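Encoded as structure tokens, the structure appears first; notes follow it.
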Amino acid sequence: MRVPDDPPWDVYLTGTVFLDIIFTGLDSAPVRGTESWARGMGSSPGGVANMATALARLGLKTSLAAAFGDDHYGEYCWDALAQGEGIDLALSRTVPGWHSPVTVSMAYEGERTMVSHGHEPPPEEPAPDCPPRARAAVASLTPGSSAPWVAQAARKGTRVFADVGWDETGAWDLAGLPDLKHCEAFLPNAEEARRYTGADCPREAAHALTAHVPVAVVTLGSEGAYAVDRRTGEAAEVPAIAVEALDPTGAGDVFVAGFVTGTLAGWPLADRLAFAGLTAALSVQEFGGSLSAPGWSEIGAWWRKVRSVPGQDPAALERYAFLADLVPPKEQVRPWPLRRAVPTIGFRRSA
């Protein structure tokens, strides 16, 4: 859907990049006073890098503004994003003497526990062209605060998609999300949506949220997702795809990336929702946030595989029939599922 006078970037985002160290294959949560052994581990850029990678792997030209430490971790994350994923880091910076934030994530029983450490980087005057012109931007709203770049991006014609973290203040007041009025879409989970609106049902909450933002998407966990578009009057609900979850890290970011992709492509609301759910489901079958984000190769492999399984519900297959004209040819598709992660950041890929 790109046209010649489009902005240079499909998506702009900013935030904190972490080095993620992920342990998988734990039978249970670690117990105090004992040593737990994991059957698998990997390292990858995390934090806002999860979203940036998910967008880039779906073919979107992605610009990321972030601070990187001048340590080995920061160098690894920069190289992985710029060289490995093709993400533009022209608006990013390396901060002398600042160490990279780190998160250790432990995945078990379909859930995760994380321990993080880091410090805020020293402030810097924003560049005059930041945020850049982009077709879309993704913002993570913080209750009780405002990010001036969101309004600036909206004034430039950028379509802003927002999610939100847990409100630690307990206020759950939409007035505490002042940047929401600049957004095109808001994508909270079911509990967040209920708390912000006071609705008993997450579907009712989605409709209530459209008084504040044109498109409301509420993720329903194992039940899928529900969305409402105030401008068109559309409402859509898509069930979740049943998968064996290895690590849910970054699945929410992948969901948002899938929804942004479908929106920029001009798809109907139900197709956008189904695509977002599919990409998130594919991601939880791998470990690591950015490492597990699927690209079109994995999506194509999944589509061909599920169609070859006997006894499939025709109605369920029809839900994803829009993929038939989008996925790459079979000869370009790699085996699925993939195992991308490497144990440590010290190894280099062989030629």
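The values are calculated or read from the model by the stated rules, or taken from the named source; none is laboratory data. Since this is a predicted model, take the numbers as computed values, not measurements. Glycine also receives a Cβ, built like all others from the backbone with ideal geometry; neighbour counts cover every protein chain displayed. All accessible areas refer to the heavy atoms of the entire protein, side chains included, with ligands and DNA or RNA removed. Shrake-Rupley method; radii C 1.70, N 1.55, O 1.52, S 1.80 Å.
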Self-check item: Leu81, sole failed condition from (1) out of contact with any Asp or Glu (no Cβ under 9 Å at 6 or more places or on another chain); (2) open to solvent by 50 Å² or more (accessible area, probe 1.4 Å)
Solution: (2)
Exercise. Just name the residue that is least open to solvent (accessible area, probe 1.4 Å) out of those in the range 220-255 that are modelled with pLDDT under 95 and hydroxyl-bearing (Ser, Thr, Tyr).
Key: Thr249
Exercise. For the range 74-91, state whether one or more residues are closer than 30 Å to Arg155 by Cβ and in a strand (DSSP E or B).
Key: yes
Quiz item: Which residue out of Val217, Val213 is buried (at least 24 other Cβ atoms within 10 Å of the Cβ), touching a helix residue (DSSP H, G or I) at 6+ places or on another chain (Cβ under 7 Å) and modelled with pLDDT of 90 or more?
Solution: Val217
Self-check item: Looking only at the range 131-186, and only at residues there that are under 20 Å from the mean Cα position of the chain (by Cα) and hydroxyl-bearing (Ser, Thr, Tyr), the one that is nearest to Gly262 (Cα to Cα)
Solution: Thr158
Quiz item: Which one is most open to solvent (accessible area, probe 1.4 Å), of the residues in the range 187-198 that are within 19 Å of Gly176 (Cβ to Cβ) and in contact with a Leu (Cβ under 9 Å, 6 or more places away or on another chain)?
Solution: Asn189
Self-check item: Pair list, Cβ < 7 Å and 6+ apart or interchain, from the range 45-66 residues that are touching a residue at least 24 places away in the same chain (Cβ under 8 Å) and at positive phi to residues that are surrounded by fewer than 24 Cβ atoms within 10 Å (Cβ to Cβ) and hydroxyl-bearing (Ser, Thr, Tyr)
Solution: Gly47/Thr16
Quiz item: Counting residues that are closer than 30 Å to Pro328 by Cβ and at pLDDT below 95, which strands (runs of 3 or more DSSP E) fully inside the range 15-72 reach at least 1?
Solution: 17-24, 40-47
Self-check item: Cβ-Cβ under 8 Å pairs, at least 6 apart or on other chains, the range 81-110 side free of Cβ contacts under 8 Å to residues at least 24 places away in the same chain, far side of a type outside the set (A, V, I, L, M, F, W, C) and open to solvent by 30 Å² or more (accessible area, probe 1.4 Å)
Solution: Ala82/Asp88
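Considering the range 266-281 alone, what residues qualify as being closer than 17 Å to Asp325 by Cβ and open to solvent by less than 10 Å² (accessible area, probe 1.4 Å)? Quick ask: steps written out before the conclusion?
Residues of the range 266-281 closer than 17 Å to Asp325 by Cβ: 266-268, 270-272, 274-275, 278.
Residues satisfying the conditions are Ala274, Phe275, Leu278.
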Quiz item: Mind checking which pairs have a first residue in the range 291-311 that is among the acidic types (Asp, Glu) and a second that is surrounded by 14 or more Cβ atoms within 10 Å (Cβ to Cβ), Cβ under 7 Å, 6 or more apart or different chains?
Solution: Glu298/Leu282; Glu298/Trp336; Glu298/Leu338
